[in-house]
Every structure is written in structure tokens, then in C-alpha cells.
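Following: one structure in C-alpha cells, then a few remarks.
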Amino acid sequence: MPALLLLSGPSAGLRFEIQAEATIGRSPSCEIPLPEDDHVSRRHARFFVQEGQLHLADLGSRNGTSVNGERVSGEVPLHPGDRVQVGKTTALVEPLGAASLAGTVPEGTSLLHVEEVLPHVGAEAALYSAGAALLGATSEAMVLRRIADASLHALNADAAAALLGDTQGLLTAAVVGKPSVEVPRDLARATLEHSEQGRSAGVLCSPLVASGGLPFGVLYVEREEPDFTDADARLAAMLGRLGGEAYAAVRSRAGSQTQQSGPGRVDMAGNSRPFRKVVEQARRAAASAAPVVLSGPPGSGKSLCASYIHARSPRALGPLVRVDCRDPASSLEEVLLGRSSVPGQPPVASALLRADGGTLLLLHVELLPRPLAERLARLIARKTAPALQGGEEPVDVRLIVTANVSLQALVMKGEVEASFLRQLAGLELVLPPLRERRADIPILFDLFASRGARAIRMEPPTLDPDARQLLRDYEWPQNVRELELLAERLALVHAGTQVHALALPPEIQAGSASPPQLTLQERVSRLERDAIAEALRTAGGKKIVAAKLLGISRPTLDKKIEDYGLTVSRRRA
């Protein structure tokens, strides 16, 4: 069907299909209205299709009509790529696409519902069912689970399993029909090392393999009777190939999605006592399967800590799917729970499906709308997720959430739905603000500055003693994120040079303009830090003398110097 694309003018970007006839002009009654183009007549020109060819006729317009720069009179044929000038508007006659809709129905047409055409019995139906299930899988764990289930039913087996690994040891990924299976070692070796199918009485092994590669797993089925036939063997081999291709495709898609990340090295930098405590808690959380709540002020590193826990957990090979609860409720619901397909748009897999076998990270969980939290709580309790084809799909997901306040504060404020709070009962880590871990400020600055300098292939900047002390004294209201932005900016401006105090932002040179309200413990810590700093200055940097002035031991002084990130400068005699 011919179509016009408006390239310029007040209505640029609009597209109009010409079915039989269309008039262009300023009048609202025109099929192609141009109400804002004052150089166009009310009924300026007419497009019409004659014997499959698009034609143009000027309707006696005041300013005329041009085709490819030449003014026309009467009727002229138009060809794909022609440009029609009407007032200020330029319309392109679109080239015919590879496919188009015809206006007639061929004779002898019959219409059948697609379900009547699809196979329902036999090997053909088994392959169709397995292929549809695998194409709808949204995670590696789901692929293995579905290919095992499809093999169980297609081969009328007692048990089936999709196994990953090598001849040194198989990692069971999915078993159906029985709690566990024992795969004969010789059959597994032939399958994995030589891409051979192994068959014995009541047992069948086929390789899980994608095109262009070696087998990476085993599709195993067993049944007591009757023995597997040659037709069963062919069907199992095809299922193994389908499962291998689906597994490789899902892994490839997961690697290309920014919101979903897999295994990788994640480090948390810092040596201060409060931070070391958090890291130790994160290590214990990684070894657990319980939900984790990460609380702390904005910018304190909650998202990094979540990545650290996932990367060191048994789920590290699975996906880490992040969902920001600050998104609008409509889009957030689609991301979390998915949606079915609509005309012209494929279905969207839910975050729960994409996190199958891995971790779902909810950022700013206190902003999760209550109705959505209720639905999510029910799904997590049932260990299911909305399936693309309707209904629900079993999933294995670990939940990690972040919040700006502790879980107890969320309970007291009633900001999170009660049923969802019950699903969060597990482990809670509280990340301290940067002002409570001042000893880490130099370490973090050097880390962020080095990262910024590497991006421009330069040497990182260094801080002179006064600048370093100013960074330690600053309150950092935006915490680690603020320090990271500062370090990266200084790395760009002062790469390879020394940064002096005057090069720091005014708010850091002047100190915190509006210091936050401090707790009693924070006030006591600040007084203690100032007292230690004053004693060191009085003692000329001699720690033994300073310890005597403070009435504490030398090891205690060393520990407090480290905790508060103090610099000891000795005066020369």
C-alpha cells in the first residue's frame, strides 16, 4: 500500500497510508490535514491510486504543488522516493516494503484456528511442545528444567534430568520424576567427550550441545520398560540439541542486558572497623539463602554490597536482576510482573522469571507501591512467577532489597506492606555513612581517582597533606557517591599532578555548611577524635608521649588513630 512520510513542515514525522484516495490541505476534513501550514490551501492536492499506481493532482492551490522540485499541473504519476512539496511541507513517497497488506481475499480461502493446525500427538507434537516451551524460557535454570520435563513426557520416562558439568563431576541442574538420578560414568563420558549418544537397558544419554561447540551437558532419561527404541533415541537427540541451543541463546541474551548481570569480581574497599564489620556480615550473608535487607543513607554503597553478596554466593553463576522501585508504578509493574503480548508487541518477561536461579535486587524497596508489594509477596511465598503463556511458572529466586532506613523503622512507619515485610525476614546489614568510616576516605579516593585516570589513560592525581586532611574532616552528606564523583572529577582535571587544598570545592575547604544532627555516640566519637588529634600535635607526633597525655596505652592509641583516619606528623627537632 502506498504511503507518505512527512519529512518537513509543522507535521514532520507523521506517516499516512493511501488506500484509495486522500486529500491534503489545511481543512480538518482532509485525510492528510496540515492545519499549521499557512502556505497550504484548504484543499491543496489529491493523492489517489489508479491501477496500483499512486497519482497526484493539484486542486488549484494558491501556491501550487511540486514533485522533485518541478511544479506540476494536472495529474502526474508518483514513484517510490519522489518528494512532493506542498507549502512548507515535504512528503516522501515511501518505497514499497518487503511485505504489504492486500485489499482482496484470494478465492478458495479457508480459515482454521491455529490450535487446529498444530500437532497434538506423536514425535512431531513432542518436538513442537518442547520447542515452544524452550523459546519461552527466560533463564538458564528454566531452560534446563523445561527440557528435562519435556523429555520426561515425550519419551514416557520414569525420570529425566538436564545435567551440566564434565567427566570429573556433574552439576545436577534439573531432575524431574525422581528426587535424584545416578548417571553411568561411561555413558556420561561418551556423551561429553565424544558427542555420542549412549543407550543401555532402560537408560538413554544425549548431549546438550549448541551449534559450533562441544557438549556442555547431558540429557538423561530412564524408564523401567519398555526399552528405548531407535525412534526414542532420535527424539532424545533432537531434544538435546534444542535444549543446548536454547540454553546458549538465553545465556547470550542475559549477557547483553544491562539490568541483569552475571558472575564477576566485586570488591569492597576499606579498612576501618565499622566497614570491616559490614564486610564480614556480607560474607556470612553470601553463604546463606535467606533474604537480605541492606539499609543505610543514600550513597553509602548498598547496591555494591548487594553485588558483593551475590558474587560470593552459590548463585554467582546465575543472573543478578536489578529493579529500581523509584520508577513510575505502571512501568514498575511491567518490569516486576511482566505482561502478555499485545498486537505488534511481544510479551515482557517478569523480573522474577529473569532472576530464576539467581538474585532479584529491589532498590529503594520502601517506595514499592502497596498493591504491587502484595502481589509480589504472594508470588515469592509460592516460589512462582507470572508465566509468559499465562498462569504461573515455578522459580528459584533469592531476594535482596535496599532501603534508606532500617527494617525496624519501616515496620514502625508502616511504609512497606505487612505481607511483603514477612518475606524479607532474614538478614539485615546496616551500612555506615562515610563520616563514620573516615579511615577509608584516602583509600576510596585513591581507588576512584585511579579508575577515572585509567579511563583517559593518564596517571591518577595525588593529594597534598592539607587536601587529604580536608577530605577527612568533611562531613560527606552524600557519602561514598559524593567522594566518587569528586575523585573522578579531580582525575580528569589534575591527572598526574598533586592536588592542593585550594583546588578542592569550596564546601570542602569551608567544611560542612550545615552539619547534620549527630547522635550521642557520634558526638562522643568526634570529641574523642579531636582530643587525640590535639594530643598528637602537643606531643609533636610522638605516639608514646601522646598516649601518656591521654592516659591510654600505645596499642590503644594506634587502634584509635586507624579508626579515625588521623595523620601523624612528627616535628623535627
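Some points to look at:
- Taking the chain and dividing mean pair separation by its residue count, relative contact order in percent (alpha carbons under 8 Å, at least six apart): 8
- Cα-based radius of gyration of the chain once divided by 2.2 N^0.38 Å, which approximates compact folds: 1.39
- Positive-end residue, the chain charge dipole about Cα centroid, Cβ charges, pick of Ser450, Ser11, Leu192: Ser450
- Tilt relative to the chain, helix 370-382 - C-alpha long axis, 0 to 90 degrees, to 10: 90
- Expected 222 nm ellipticity per residue - DSSP helices of 4 or more, -39500 (n - 2.57), all of the chain, to 500: -11500 deg cm²/dmol
- Mean Cα-pair separation over length for the range 3-94, i.e. relative contact order, pairs under 8 Å, 6 or more apart, %: 28
- Span from the the range 24-53 Cα centroid across to the the range 386-436 one, whole angstrom: 58
- Report note on the peptides 228-236, 499-507: ranked by the mean count of other C-beta atoms within 10 Å, highest first, their order is 228-236, 499-507.
- Peptides ranked, highest mean first, by Cβ atoms within 10 Å: ranges 66-79, 269-282: 269-282, 66-79
- Charge sum, other residues only, whose C-beta stays under 14 Å from Arg398's C-beta, Lys/Arg counted +1 and Asp/Glu -1: +3
- The chain: angle of helix 185-194 to the longest principal axis, Cα-based, in degrees nearest 10: 70
- Taken along the Cα-to-beta-carbon direction at a fixed 7 Å, the label points for Ala510 and Asn156 span 8.5 nm.
- Computed over the range 273-430, relative contact order equals 33 percent, with contacts defined as Cα pairs under 8 Å that lie 6+ residues apart.
- Under 15 Å, Cβ to Cβ, from Leu144 - net charge with Lys/Arg +1 and Asp/Glu -1: -1
- Reachable aspartates and glutamates from Lys383, criterion Cα separation under 16 angstrom, eight or more residues apart if same chain: Asp356, Glu374, Glu392, Glu393, Asp396
- Computed over protein heavy atoms with a 1.4 Å probe, the accessible surface of the chain works out to 53 Å² per residue.
- At R0 = 30 Å, FRET efficiency that the Cβ-Cβ distance of Lys277 and Asp327 yields, to 0.05: 0.40
- Kirkwood Rh (inverse of mean 1/r, distinct Cα pairs), the range 3-94, angstrom: 12.7
- Ranked by how many other beta carbons lie within 10 Å on average, peptides 152-164, 364-376, 327-339 from highest: 152-164, 364-376, 327-339
The values are calculated or read from the model by the stated rules, or taken from the named source; none is laboratory data. In this text the structure is predicted, and so the values were computed from the model without any measurement. Note: ideal-geometry Cβ built from the backbone for every residue, glycine included; neighbour counts use all protein chains shown. Please note that ligands, DNA and RNA were not included when accessible areas were found on the heavy atoms of the full protein model with its side chains. Shrake-Rupley method; radii C 1.70, N 1.55, O 1.52, S 1.80 Å.
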